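For reference, the structure discussed in these notes is given below.
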Amino acid sequence: MEQQQDARKVPPGYVLLKSSDGFEFYITEECAKVSKFLKTTLESGFSEAKTGQLVLNEIPGRLLEKVCEYFYYNIMHQQTDGNLPPFEFPPEIAVELLMVANFLDT
């Protein structure tokens, strides 16, 4: 059964990020490549690049969800001049989110 899940195809132009606690997030490749770590992995010859699936065993779903939101926020505001609207997140996850951002090189 587990092999079927791993063989699942990710739609073209998308990446599947899997959290340490089993949550799955489909995001566009463009958004995933906001992270230098994910960009390097997706452009490598590793199996993750071929399948479009990345298991991030170090990152729980509640943090990965916020990271994915940030990727889209970043893409949406790339061409924005002047002040950006704040990227909001609960203050209680600030330190953990900073550690994840450092890990992903975002």
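The values are calculated or read from the model by the stated rules, or taken from the named source; none is laboratory data. Everything quoted here is computed from the prediction, not taken from an experiment. In this analysis, Cβ positions are derived from the backbone assuming ideal geometry, glycine residues included, and neighbour counts consider all displayed protein chains.
Which residue is nearest to residue 96 (Cα to Cα), if the candidates are limited to region 7-59 and must be in a helix (DSSP H, G or I), touching a residue at least 12 places away in the same chain (Cβ under 8 Å) and charged (D, E, K, R)? Top of the filtered list is 36.
Tell me yes or no: at least one residue of region 47-70 is loosely packed, with under 14 Cβ neighbours inside 10 Å and over 22 Å from residue 16 (Cα atoms). Looking through region 47-70, none of the residues is loosely packed, with under 14 Cβ neighbours inside 10 Å and over 22 Å from residue 16 (Cα atoms). Taken over region 59-87, the criterion of being among the charged types (D, E, K, R) and either modelled with pLDDT of 95 or more or in contact with a Leu (Cβ under 9 Å, 6 or more places away or on another chain) (or both) is satisfied by 62, 65, 66, 69.
The residues of region 27-49 that are more than 11 Å from residue 14 (Cα to Cα), touching a strand residue (DSSP E or B) at 6+ places or on another chain (Cβ under 9 Å) and among the small types (Gly, Ala, Ser) amount to a single one, 47.
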